[in-house]
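The values are calculated or read from the model by the stated rules, or taken from the named source; none is laboratory data. Not measured: the values here are computed from a predicted model. Cβ placement follows ideal geometry from the backbone for every residue including glycine, while neighbour counts extend to all protein chains displayed.
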Amino acid sequence: MRAKTAEVLGAQWGDEGKGKIVDVLSERFSAVARYAGGHNAGHTVIIGEHKFVLQLIPCGVIRPNCMGVIGNGVVLDPIYFLDEIDRVRKTGLDIDGRLFVSNRAQVILPYHRMIELAAETAPGRQKIGTTSKGIGPAYEDKMARSGLRIIDLLNTSLLKTHIEAACEEKNAIAHALFGTDPLDPAKMYDDYAAAAERMRPLVTDTGRLLNGILAKGGSVMFEGAQGTMLDIDHGTYPYVTSSSATAGGASIGTGVGPTAIGTVISVTKAYVTRVGGGPFPTEIHDAIGEQLRARGNEYGAVTGRPRRCGWLDIPLLRYSNQVNSAEWLVVTKLDVLDELEEIPVCIGYEIDGKVSDEIPADVRGLEAIKPVYTTLKGWRQSTEGVAEYDKLPQAARDYLAFQERESGAKIGMISTGPDRDHTIVLPEFAAALDGINA
Ligand code: GDP
Ligand code: IMO
Ligand code: MG
């Protein structure tokens, strides 16, 4: 029997529309769990007049019967997190008693941001174009076994000694390397000890909680953050984030074992975007890129930075499907292509005169790629808000069929606008979801 779980993740460099898709699907799940990243994520959900941009809180909580879980793989700044909770409460959403945080998740503290900012702006350092939330340095501390976990945050004497020791070290490093002014450990302790008290009721062993839900016949959806090509191992290193954004991350980041991952649903835009630095083989450098950015409103949900836009990249999508064992694809933002006469799609990579579909591991290899394009017909007709497959223009269906055939995963859903209702669910996918919840 298949496990009653599904994983939703990003196929490319993030912002594929995971938030919207998790919202649509979470109706069917008992709990939705975040497993990686932190408030570098920005997941947008639009329901009629209401707009939510969630960074740490799983999008499933918008459904009144769905539990939200922040897994051990996440890095969390308690002050930021409490602000997000306050913001969500102000919208009238009642999340009391159904939002939980792993006692094993790592804490982001202000010195993580200080170190990141200093490193990103220092002359001669490789600039990644991060979200400046302290994500990388927090994961560095985790891996160096010098991080603070949520469980330790709740222990005031441990918190105090940790902050004092860490500030001494980080202040010295930041000052010596980057001339940065020191942070005050006493103030930091006061702020975070107060936040810890507010956090206390939400903190639990979420691995136990999730496995318990599954043991009782409930269902769990894993909400990915970032995207496959931002994954620390499989992405365009070093232009990546510092966590496992790919499918395997869900197990590590929640404590639900790999054989309990029922299916992987990979969200891909009908084109591709990237925010921040790093290689992007199919990036469009002319006015059409601007047009896509404007039509798709491609500005970062967290940082407001303009997103770089490019054409659909089949070798990249195939690689991403392989890394994730993706069974299903959800194609979002089809409507953004509505005005185009023709649509180039990358079908191969030319590197040093040879065509291949292998993704080079090194950045220089990635930058040397000359994409090989084929051109598909545009539909020049509005698909905005279309909710039935049969109402899509034939050329749009051909575009989707091409994407499905070439990428090797089945298309289960198509998104034609930001709203929850602007969604086409294909019958085979609906049946598969029914199967997961049966
Ligand atoms: P996420 O990080 O993967 O959750 O994606 P973001 O929320 O950062 O970015 C996706 C953006 O596209 C958001 O502003 C969504 O409201 C919007 N969006 C999602 N699906 C569609 C769609 O099918 N069409 C259009 N036009 N916008 C969409
Ligand atoms: P969601 O979940 C898009 C990018 C940053 C930068 C790199 C490293 O909304 O899809 P970090 O702050 O994580 O150390 O930055 O990763 N990045 C994202 N890009 N969507 C995201 O999340 C991202 N999270 C991180 O822009 O290039
Ligand atoms: Mg986003």
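Quick check on my filter: what residues within region 283-296 are part of a loop (DSSP other than H, G, I, E, B) and either crowded, with 22+ Cβ neighbours inside 10 Å or in contact (Cβ under 8 Å) with a residue 40 or more places away in the chain (or both)?
Filtering region 283-296 for residues part of a loop (DSSP other than H, G, I, E, B) gives 284-286, 296.
The answer is GLY296, and nothing else.
Which residues, counting only those in region 18-39, are small (Gly, Ala, Ser) and surrounded by 24 or more Cβ atoms within 10 Å (Cβ to Cβ)?
Kept after step one, since they are small (Gly, Ala, Ser), are these residues of region 18-39: 19, 26, 30-31, 33, 36-38.
Answer for region 18-39, where residues must be small (Gly, Ala, Ser) and surrounded by 24 or more Cβ atoms within 10 Å (Cβ to Cβ): GLY19, SER26, ALA31, ALA33, ALA36, GLY37, GLY38.
Quick one: ARG318 ticks every box in (1) charged (D, E, K, R); (2) assigned to a helix (DSSP H, G or I); (3) within 16 Å of ligand 1 (Cβ to nearest atom) bar one, so which box is it?
Here ARG318 meets the rest and fails (3).
Restricting to region 374-393, give me the number of residues that are over 21 Å from VAL425 (Cα atoms) and exposed (fewer than 15 other Cβ atoms within 10 Å of the Cβ).
Summing the residues that are over 21 Å from VAL425 (Cα atoms) and exposed (fewer than 15 other Cβ atoms within 10 Å of the Cβ) in region 374-393 gives 3.
In region 13-67, what count of residues is obtained for those that are among the aromatic types (Phe, Trp, Tyr) and within 11 Å of ligand 3 (Cβ to nearest atom)?
Going through region 13-67 one residue at a time, the tally reaches 1.
How many residues does region 1-17 contain that are of a type in the set (A, V, I, L, M, F, W, C), in a strand (DSSP E or B) and under 12 Å from the mean Cα position of the chain (by Cα)?
Total satisfying the criteria: 2.
Take region 284-310 and flag every residue that is more than 20 Å from the chain's Cα centre (by Cα) and over 21 Å from GLY385 (Cα atoms).
ILE284, HIS285, ASP286, ALA287, ILE288, GLY289, GLU290
Which count do you get for residues in region 305-315 that are part of a loop (DSSP other than H, G, I, E, B) and among the charged types (D, E, K, R)?
Looking only at that region, the number is 2.
Just give me the residues in region 362-414 being among the hydrophobic types (A, V, I, L, M, F, W, C), farther than 16 Å from LYS269 by Cβ and modelled with pLDDT of 95 or more, in sequence order.
Here is the first cut: in region 362-414, the residues among the hydrophobic types (A, V, I, L, M, F, W, C) are 363, 366, 368-369, 372, 376, 379, 386-387, 392, 395-396, 400-402, 409, 411, 413-414.
With farther than 16 Å from LYS269 by Cβ added as a condition, the list becomes 363, 366, 368-369, 372, 379, 386-387, 392, 395, 401.
Those that are among the hydrophobic types (A, V, I, L, M, F, W, C), farther than 16 Å from LYS269 by Cβ and modelled with pLDDT of 95 or more: VAL372, TRP379, VAL386, ALA387, LEU392, ALA395, ALA401.
Working carefully through the options THR131, THR44, THR91, find the one that is assigned by TED's automatic domain parsing to the domain that holds ARG145 and either surrounded by 21 or more Cβ atoms within 10 Å (Cβ to Cβ) or in contact (Cβ under 8 Å) with a residue 24 or more places away in the chain (or both).
THR131
Could you please find all residues in region 303-338 being within 16 Å of ligand 3 (Cβ to nearest atom), more than 14 Å from GLU16 (Cα to Cα) and not small (Gly, Ala, Ser)?
Selection gives THR303, ARG305, PRO306.
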